[in-house]
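Quick notes on the structure that follows.
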Amino acid sequence: MLGYLLARAGIDVIVLEKWPDFFRDFRGDTIHPSTMEVLYELGLLGEFLLLPHNEMTRMTIHIGGEEATIADLSLLRARCPYIAFIPQWDFLNFLSAKAKEFPSFHLLMETEATGLIEENGKVVGVKAKDKDGDFEIHADLVVGADGRHSTVREAGAFAVENLSVPIDVLWFRIGRGGVDDKRSLGYMEKGHALVMLDRHDYWQCAFLIKKGVFESIKAQGLDAFRKSIASISKMPPAATAEVDSWDKVKLLSVTIDHVREWAKPGVLLIGDSAHAMSPLGGVGINYAIHDAVAAGNLLVPAFKKDDLSLSVLQQLQARREKPVKRIQKLQVMIQDRLLSPLLDVKGDLKMPWFFRLFIKFPFLRRIPAHIVGIGFGPEHVQIQFDNRVSHT
Ligand SMILES: Cc1cc2nc3c(=O)[nH]c(=O)nc-3n(C[C@H](O)[C@H](O)[C@H](O)COP(=O)(O)OP(=O)(O)OC[C@H]3O[C@@H](n4cnc5c(N)ncnc54)[C@H](O)[C@@H]3O)c2cc1C
């Protein structure tokens, strides 16, 4: 997104992606109302909505056989009052194709940033490697948008504060099992929590477990695992047949952290590289996009004035750190007060009382809808582009 914004403003930008494609399965699929607002502001919303996607207006969870809708996005005052479920690789292909329309955008696939080039205490470029070997790219500014295992953050020796996370995620897919009217998102039963993301032909599943228990789940055998998934998800056993080897079940370690400083001379961090997000609430993509929009708003005029001094770069942290820390605090609170205790229950679960409030007072569903769908501190595009794109 930042690459798109800079290139559209006529600034030369090189984006490195270490893999040959964007087909990374492990990053979630959600595009939120506030991100669709940004796409609208950029004149891209109409085309974006033509991509195959599902629209989710209500977030419904099942606990102990009871159902509660805890968020209703249709209550939001938003142009797109729903979450669009779209595989992230489709979104990234769309955005990079749009960016390539600008001559100053250069995307180098299968090219990995391996380190930073420093001169006199300032970062002046990146070391990189592609299939032909190592090389260097010199730049006025390096932006680390390389996710929670960020090379840029490590090479720049950014200090990181880790928040404790007692959960991990098992990530696998199950079939549709001939069930077409399923809409639900979350299930909690006897020490298990399962989130199901609709990807048209199959369900992408995120199975939340306590850190360190994967080996004991494996020890009970694949059959037992499949049976428990079918039972929790209320799907026919045939739907879980795809999980025919542990190789198809990926253990994803969940991290929540943030760097103390987002910028050093010549280098800036955004998205998960500045603040790794838990999958809880499915908000990480939204915050990463809004970091990029805020960075674009700051950097386009800064490039034009030729002032990329540290004090300018630090303005991004001043603007974005508070919303990010608020949502991370909420994620930690939910995992500690709700999820962990529920994962510890070995017997039948009961719907917690506060979820019942959402059943009794449906207007309350607007609050989680706003927190998830819009987020804290949503950003708007403030760049004046010369190249107008018509709104559809
Ligand atoms: C299991 C799981 C499920 C999640 N589900 C959701 C969800 O449903 N909705 C949601 O909003 N969030 C979800 N999240 C959080 C979300 O994935 C992140 O917050 C979001 O992807 C951050 O975006 P980013 O662009 O900062 O980093 P990333 O999406 O991680 O992108 C970083 C990119 O940089 C590339 N890269 C990495 N290192 C290098 C290098 N050295 N050189 C070149 N390229 C490099 C990577 O290949 C990748 O393409 C989930 C997280 C997890 C762990």
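May I ask you to say which residue of Leu357, Leu330 is hydrophobic (A, V, I, L, M, F, W, C), away from the ligand (no atom under 15 Å from the Cβ) and in a helix (DSSP H, G or I)?
Of Leu357, Leu330, the one residue that is hydrophobic (A, V, I, L, M, F, W, C), away from the ligand (no atom under 15 Å from the Cβ) and in a helix (DSSP H, G or I) is Leu357.
Condition first: surrounded by 14 or more Cβ atoms within 10 Å (Cβ to Cβ) and among the small types (Gly, Ala, Ser). Now tell me which residues in the range 312-348 satisfy that.
Scanning the range 312-348 gives a single hit, Ser340.
Given the options Leu280, Leu251, Leu269, name the one that is surrounded by fewer than 20 Cβ atoms within 10 Å (Cβ to Cβ) and within 13 Å of the ligand (Cβ to nearest atom).
Leu251
Could you check the range 28-81 and list, in sequence order, the residues that are assigned to a strand (DSSP E or B) and under 21 Å from His290 (Cβ atoms)? Full working, then the answer.
Going through the range 28-81, the residues assigned to a strand (DSSP E or B) turn out to be 30-31, 54-56, 58-63, 66-72.
Within the range 28-81, Thr30, Ile31, Glu55, Met56, Met59, Ala71 qualify.
One line per residue, one yes/no per condition, for (1) over 29 Å from Lys329 (Cβ atoms); (2) surrounded by 18 or more Cβ atoms within 10 Å (Cβ to Cβ); (3) of a type in the set (S, T, N, Q):
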position	(1), (2), (3)
Val126	yes, yes, no
Lys131	yes, no, no
His149	no, no, no
Asp168	no, yes, no
Ile174	yes, yes, no
Gly178	yes, no, no
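For residues that are near the ligand (Cβ under 6 Å from one of its atoms) and touching a strand residue (DSSP E or B) at 6+ places or on another chain (Cβ under 7 Å), tally how many sit in the range 15-35.
Residues in the range 15-35 being near the ligand (Cβ under 6 Å from one of its atoms) and touching a strand residue (DSSP E or B) at 6+ places or on another chain (Cβ under 7 Å): 6 in total.
Restricting to the range 283-311, name every residue that is buried (at least 23 other Cβ atoms within 10 Å of the Cβ) and part of a loop (DSSP other than H, G, I, E, B).
Val283
Within the range 214-248, restricting attention to residues that are touching a residue at least 40 places away in the same chain (Cβ under 8 Å) and in a loop (DSSP other than H, G, I, E, B), which residue is farthest from the ligand (Cβ to nearest atom)?
Taking the candidates together, the pick is Pro236.
Out of the residues in the range 119-150 that are without any contact (Cβ under 8 Å) to a residue 12 or more places away in the chain and out of contact with any strand residue (DSSP E or B) (no Cβ under 7 Å at 6 or more places or on another chain), state the one that is nearest to the ligand (Cβ to nearest atom). Talk me through it step by step, then tell me what you get.
Within the range 119-150, the subset without any contact (Cβ under 8 Å) to a residue 12 or more places away in the chain is 119-120, 132-133, 135, 149.
Narrowing further to those that are out of contact with any strand residue (DSSP E or B) (no Cβ under 7 Å at 6 or more places or on another chain): 119-120, 132-133, 149.
Numbers: Glu119: 21, Asn120: 24, Asp132: 16, Gly133: 15, His149: 7 Å.
Out of the qualifying residues, it is His149.
All of the numbers you see were taken from the coordinates with simple rules; none came from a lab. Model, not experiment: these values are computed from the prediction. Positions of Cβ are generated from backbone atoms using ideal geometry, with glycine treated the same way; all protein chains shown enter the neighbour counts.
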